[in-house]
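Undergrad: Structure below; questions to follow.
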Amino acid sequence: MKEKSLRRKDQIIPPKGKLGVLIPGVGGAVSTTFIAGVELVRRGLAEPIGSLTQLGTIRLGKRFEHRAPKIKEFVPLTDPGQLVFGGWDLYEANGFEAAMYARVLSRDHLESIKDYLTGIVPMKAVFDRRFVRNLDGTHIKKGNSLRKHVEALKEDIGQFKAANGLERCIMIWCGSTEIHLKQEAIHQSIDALQRAIDANDSRIPPSMLYAVAALECGVPFINGAPNLTLDIPAMLELAEQANVPIAGKDFKTGQTLMKTILAPGLKSRMLGLEGWYSTNILGNRDGLVLDDKDSFKTKEESKLSVLEYILQPHLYPTLYKNYYHKVTINYYPPRGDNKEGWDCIDIFGWLGYPMQIKVDFLCRDSILAAPLILDLVLLTDLAQRVGMNGIQEWLSFYFKSPMHKESLYPEHDIFIQSMKLKNTLRYLMGEEQITHFGLDYYLNGEER
């Protein structure tokens with residue numbers, strides 16, 4: 001991505017026409033909550049609570065100027081009314097049936113848009129049970145040829161665009177967490193990855209096939225799970241070659257959201273950490289998938305990395321060198337999507353005296369994830385129209401395990417992430433970066 005090739009201010013291509021949103025896992029709790037929520041908002045039956053693009057403002061210029069427009073009025077974002085939804089799922093239930101099964105939204109909400117949701121019919125998914133062992137899909141593409149699966153997905157994308165009169169699409173992975181994978185030789189270049197696909201290599205998971213299909217069709221890909229999918233040189237190369245943005249990974253919703261809020265506060269006050277014990281009980285399909293130890297390993301890595309990067313124990317050994325960090329997830333069907341996250345945090349302060357913080361977050365996973373998906377779709381579409389290809393680190397705000405350039409460390413502090421996101425928007429629109437310096441208001445006898 002070269003700065004001179006970026007479109008800024010009036011050069012940004014306007015969001016003309018409809019924007020397609022293609023979702024692997026379109027029948028899951030997160031996806032149906034997102035789609036139903038957007039339709040309820042479009043009909044004036046609900047508010048888009050939690051969406052920065054819809055409700056957030058952005059400060060511009062000096063404080064005494066009092067300029068703080070809504071983000072959606074400041075940058076040329078696609079209106080949610082222009083979104084068209086489609087996708088793939090392991091089960092053939094339509095949007096209404098899937099949303100009723102998920103039991104996230106009320107029957108009253110779903111009945112009011114039943115006509116719309118019934119029309120969301122999933123395409124057959126690419127599925128390999130070796131990578132998600134606790135699910136057994138019935139609505140899947142036949143055969144074992146990985147190349148034919150990629151081509152079938154590309155055909156699905158083309159047909160979806162043609163059927164809905166679309167020029168632009170975004171693909172966002174809302175499917176399950178796959179088993180833990182590590183980078184290997186087959187991931188190091190486009191050629192190596194393509195050869196592996198042609199050879200039906202058993203180390204290529206379905207999520208990578210979706211990503212390859214999207215990027216080869218010029219469709220940006222967002223990874224909402226902790227899967228390896230995009231975190232390989234071949235995908236970075238493919239995204240740059242196709243001149244499309246990629247973003248990920250793993251939506252930052254419940255317990256990790258709390259960590260990225262609390263840990264920066266502890267560090268800013270130079271309070272020490274003895275240990276942080278986190279446990280979750282969750283009963284939806286995500287909980288079932290994570291009941292497999294190898295899928296949990298993928299999620300665990302995503303969750304554990306947060307504190308290490310925020311607290312920087314190598315810089316503050318007295319405070320953080322030997323803290324103990326434990327994360328567990330327990331599948332408990334009665335809770336459904338209503339996850340409970342317990343955090344027991346042992347800290348110490350002045351002279352080393354101990355203190356405790358206990359958090360019991362009775363959250364709703366899909367309710368927290370849905371507005372993130374809306375923002376990510378709209379902001380990634382903006383990035384595409386601006387000409388920002390490859391990793392979109394400025395969208396780290398939305399992810400547990402943000403993608404980043406290899407030579408950099410990831411930024412997990414949610415407050416720094418928020419500043420990066422808004423400063424990127426200011427940059428694109430030709431506005432001054434906000435540093436919160438503040439001393440300039442008091443120097444040289446300035447009156448304001």
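FYI, it's all coordinate maths here, none of it is from the lab. Remember, predicted model here, so these are calculated numbers, not experimental data. Glycine also receives a Cβ, built like all others from the backbone with ideal geometry; neighbour counts cover every protein chain displayed.
Undergrad: At Cys344 and Phe361, where each label point lies 7 Å from the Cα along Cα→Cβ, what is the point-to-point distance in nanometres?
TA: My value for the distance between the label points is 1.9 nm.
Undergrad: Could you derive backbone 3J(HN,Hα) for the range 8-22 from the dihedral phi with the Karplus parameters 6.51, -1.76 and 1.60 (θ = phi - 60°), listing whole Hz in sequence and x where the residue is Gly or Pro?
TA: 10, 6, 6, 7, 4, 5, x, x, 7, x, 8, 10, x, 10, 9
Undergrad: Further, regarding this structure: I want to verify a result. In a Gaussian network model of the chain, Cα cutoff 10 Å, which of these has the top mean-square fluctuation: Ile170, Ile140, Ile357?
TA: Result for the chain, Cα springs under 10 Å: Ile357 fluctuates most.
Undergrad: Give me Lys303, Lys9, Lys18, Lys4 ranked fewest to most by other Cβ atoms within 10 Å of their Cβ, as a rough exposure proxy.
TA: With the sparsest Cβ surroundings first, the list reads Lys4, Lys9, Lys18, Lys303.
Undergrad: Hey, which lysines would be in cross-link range of Lys141, C-alpha to C-alpha under 17 Å, not counting anything within fewer than 8 residues on its own chain?
TA: Lys124, Lys154
Undergrad: Next question. Quick one: Lys161, Lys70, fewest Cβ neighbours within 10 Å first, how do they rank?
TA: Lys70, Lys161
Undergrad: So what is the 222 nm mean residue ellipticity for the chain from helices alone, if each DSSP H run of at least 4 adds -39500 (n - 2.57) and you divide by all residues, rounding to the nearest 500 deg cm²/dmol? Can you show the working numbers first?
TA: On the way: 16 runs with 169 residues, N = 448.
Using -39500 (n - 2.57) per qualifying helix, the result is -11500 deg cm²/dmol.
Undergrad: Counting each pair of different Cα atoms once, what's the Kirkwood radius of the range 255-362 in Å, rounded to one decimal?
TA: Numbers: mean 1/r = 0.0683 Å⁻¹.
Kirkwood hydrodynamic radius for the range 255-362: 14.6 Å.
Undergrad: Oh, and also: Could you state the per residue volume, in Å³, of the convex hull enclosing the Cα atoms of the chain?
TA: 161
Undergrad: A follow-up question, please. Tell me which GluC sites (Glu not before Pro) from the range 375-419 have a DSSP coil assignment and no more than 14 other beta carbons within 10 Å of their own.
TA: Glu406
Undergrad: Write down the percent of antiparallel bridges among all DSSP beta bridges whose residues are both part of the chain, to the nearest 5.
TA: The antiparallel proportion sits near 40 percent.
Undergrad: Using r as the Cβ-Cβ distance of Lys297 and Glu65, and R0 as 60 Å, what FRET efficiency do you calculate, to the nearest 0.05?
TA: Computed FRET efficiency for Lys297 and Glu65 comes out at 0.75.
Undergrad: Of Asp337, Asp198, Asp108, which has the largest mean-square fluctuation in a 10 Å C-alpha GNM of the chain?
TA: Highest fluctuation of the listed residues: Asp108.
Undergrad: Further, regarding this structure: If you line up the Cα atoms of the range 1-142 on their principal axes, what length do they span on each, largest first, in Å?
TA: For the range 1-142, the Cα extents along the three principal axes come out at 58, 42, 28 Å.
Undergrad: What residues have an amide H closer than 5 Å to that of Phe85, excluding those fewer than 5 places away on the same chain, when H is modeled at 1.01 Å from N in the peptide plane?
TA: Excluding prolines and chain starts, which carry no amide H, the hits are Val21.
Undergrad: Something else now. So what does log10 I(q)/I(0) come out to for the range 77-185 at q = 0.14, 0.22, 0.23 Å⁻¹, using the Debye formula with one equal point on every Cα and no solvent?
TA: Those come out to -0.73, -1.38, -1.42, one per q.
Undergrad: May I pose another question? Based on the Kirkwood radius over alpha-carbon pairs, what is the Stokes-Einstein translational diffusion coefficient of the range 342-441 at 4 °C with 1.567 mPa s viscosity, in µm²/s?
TA: 77
Undergrad: Evaluate the charge dipole of the chain about its Cα centre and quote only its size in Debye, nearest 20, assuming +1 on the Cβ of each Lys and Arg and -1 on the Cβ of each Asp and Glu.
TA: Using Cβ point charges on Lys, Arg, Asp and Glu, the chain gives about 380 debye.
Undergrad: In addition: Give me the distance between the Cα centres of the range 376-448 and the range 158-178, rounded to whole Å.
TA: 27
Undergrad: Which pairs, out of Lys62/Lys422; Lys267/Lys420; Lys62/Lys267, put more than 21 Å between their alpha-carbon atoms?
TA: Long pairs (Cα-Cα over 21 Å): Lys62/Lys267.
Undergrad: Quick one: pull the percentage of alpha-carbon pairs in the range 209-320 with a separation above 20 Å.
TA: Tail fraction, whole percent: 55.
Undergrad: List the residues, sorted by chain then number, that are 5 or more residues from Ile391 or on another chain and whose placed amide H is less than 5 Å from its amide H.
TA: Excluding prolines and chain starts, which carry no amide H, the hits are Ile246.
Undergrad: Which aspartates and glutamates have a Cα lying under 14 Å from the Cα of Lys249, excluding residues fewer than 8 positions away in the same chain?
TA: Candidates past the 8-residue exclusion: Glu178, Asp231, Glu300, Glu301, Glu393, Glu411.
Undergrad: Tell me which residues come under 5 Å, amide H to amide H, from Cys169 once H is placed; ignore anything under 5 positions away on its chain.
TA: Sorted by chain and number, the residues that satisfy this are Gly20.
Undergrad: Could you tell me which helices of the chain pass both thresholds, a Cα extent of 18 Å or more along their own axis and a mean Kyte-Doolittle hydropathy of at least -0.5, with helices taken as whole DSSP H runs?
TA: Going by DSSP H runs, the hits are 29-42, 255-268, 365-386, 414-428.
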